[in-house]
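The values are calculated or read from the model by the stated rules, or taken from the named source; none is laboratory data. The structure presented is a predicted model; accordingly, all values stated were derived computationally and were not measured. Positions of Cβ are generated from backbone atoms using ideal geometry, with glycine treated the same way; all protein chains shown enter the neighbour counts. Accessible surface is based on the protein model in full, side chains and every heavy atom, while ligands, DNA and RNA are left aside. Shrake-Rupley method; radii C 1.70, N 1.55, O 1.52, S 1.80 Å.
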Amino acid sequence: MSATEDPIFDVLIVGAGLSGLCAAKRIQDKCCSQMSFKLLEKSPTTVGGQLDGCQSRWITSNHFHAIELCRELGCEMCELAQMTESSQGGVEARALRDVDPWQGMIFGPLAKIETDRLMTEIDSLSSTRFIIDDPLNMDVFLERKLLLDESKDFFRFLIKISCGFHPNELSVTDWFKFCRSMSSVRNVYEILKVNGTHMVPLEGWASLVGKLVQVVGEENIVLGCKVTRLELSAEEENSFVLVTDENGCIWKGRAVICAIPCDDLRRIDFAPSRPTFFRQPNSNANITHVSNFKVYYESSIWKDHVFSGSIFLPAYRILCFERRTGLLEGSFFHMENVTEHEARHAILHILSLTLKCHSLLNAVKFEAERQALPFYFEVPPSFNRRVIFASSNASCWYRGFINGSVQGGVKAAVLALLEVRPQTINFKDVTDMQCIHFKYFQRSSGLERFWYSLNLSSVSRFVAVAATVAATFSMLIGFTKNVAGINEFETE
């Protein structure tokens, strides 16, 4: 194709993952056939993006964007407990045992209390109208707020896997802005700490993608189109964006939605100048990749099979849950230089020790898929609002995973329509888009605000200062009494 012969599309969507497909659906719902659009997908065979990992295992009942999408497309939802029950023939008869970060610790209850308190504080501060301007290093913030090392390790792990950055790479303001734009910290922990009420489509997430493709239309999806360059045209009155793929094909769009992972976005050449919002995470922070694994085992040789819940162990960087009898699924976070054999060895040893089941060391089958850990960035539309960024892995990874991708696509579509077809957007669309960040924050009561104003670290410092003052005062009194006794003795 040549730049002069190509038609000019109203919207070009880079990436046909869940976020890109949802953006296309919203555009089609609003404009029907009045707008032209194309989805450019780098994969030569499939669409849907990363749908087989930690990001897309389930949603919760308060993820109303994802639930509403499934309802609109006719995807029947079911709870994980129902799936377990149907495959096992009665899950109620078995003992439920979860493994949380604080089991087996001497100060486990205290770590749980102060961790819960800090989650409440972060959620409250992130949902205020104005984020406080605090350049303090986030790792220093954790040191000041938390007393126990177990609590600090919990938050360091949660921050790293949710945004890709280690706490020492973030300021307090950066972290609060991130929480505000994505979700509440408590919501993230509740998703990772899976329970039976978490929901999935009865036919799997792939069925949802298939229905989205039917709605959007296969003719509007271009496979095998890896975008390498975005360039804003020089025309002032009727400017558009030139999108070039690795084969030299050029597409024109009045607006472009980028709904691709951060690593892919960094490889695109933006012209006339490259945006400066990219910041690569520090590879020395001990976590750069994640291996999503499946462990098949013979349940007959698992003599003490009482586990039917979830495992969340930040100290070992592992999340795991029981999909059904004979199958464990999870995610193991590690450095890039960890080989597949080393990851398998570490995963099986952690699970065997945690569940007290040595038979797991000789699993019947082990599968793992490795990928880079996504990292977060928050950017406004650029190129005079001609280029708009959707979730780009950040909200997909953090705000309810699947739900975040749906939200990112909806938000990007509304922004694109405001530029190309503003008459199609009503007041509700704009307010929903603007309020989308706050829908997962619960309003804090006076008791909760008092609760998060306290912390064990401050109490310990107060006790230490008070003890020092008391000891000093006691010494002064003793010294005064000794001096008075000596004077009295000399007088006699």
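At-a-glance table
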read-out	value
Test: residue in the stretch 117-133 that is surrounded by 22 or more Cβ atoms within 10 Å (Cβ to Cβ) and among the acidic types (D, E)	yes
Contacts under 7 angstrom Cβ, first residue in the stretch 196-213 being over 13 Å from R57 (Cβ atoms), partner among the polar types (S, T, N, Q) and outside any helix (DSSP H, G or I), 6 or more apart	T197/S61
Pick from the stretch 211-241, criterion crowded, with 18+ Cβ neighbours inside 10 Å and either assigned to a strand (DSSP E or B) or modelled with pLDDT of 95 or more (or both), ranking: nearest to the chain's Cα centre (by Cα)	V227
Any pair with Cβ under 8 angstrom, 6 or more apart, that starts in the stretch 152-170 at a residue that is within 15 Å of E190 (Cβ to Cβ) and ends at one that is at pLDDT below 90 and hydroxyl-bearing (S, T, Y)	L158/Y189; S162/Y376; S162/Y398
Filter result for R144 (open to solvent by 30 Å² or more (accessible area, probe 1.4 Å) and either closer than 22 Å to Q50 by Cβ or under 15 Å from the mean Cα position of the chain (by Cα) (or both))	no
Those residues of the stretch 185-206 which are open to solvent by 10 Å² or more (accessible area, probe 1.4 Å) and either of a type in the set (G, A, S) or over 23 Å from F312 (Cβ atoms) (or both), in sequence order	G196, L202, E203, G204, A206
Some residue of the stretch 435-452 being β-branched (V, I, T) and modelled with pLDDT of 70 or more	no
Selection within the stretch 367-391 - under 23 Å from the mean Cα position of the chain (by Cα), at pLDDT 65 or above and surrounded by fewer than 20 Cβ atoms within 10 Å (Cβ to Cβ)	A368, E369, R370, Q371, A372
Flag for F165 being in contact with a Cys (Cβ under 6 Å, 6 or more places away or on another chain) and modelled with pLDDT under 90	no
Selection status of I350, buried (at least 19 other Cβ atoms within 10 Å of the Cβ), over 30 Å from S239 (Cβ atoms) and at pLDDT 85 or above	yes
Restricting the stretch 260-305 to residues that are within 24 Å of Q371 (Cβ to Cβ), in a loop (DSSP other than H, G, I, E, B) and of a type in the set (D, E, K, R), the residue that is modelled with the lowest pLDDT	R279
Residue satisfying condition, being small (G, A, S) and over 30 Å from M77 (Cα atoms), within set S162, S207, S233	S233
Positions within the stretch 79-109 being at pLDDT 85 or above and either surrounded by fewer than 14 Cβ atoms within 10 Å (Cβ to Cβ) or among the basic types (K, R) (or both), in sequence order	P109
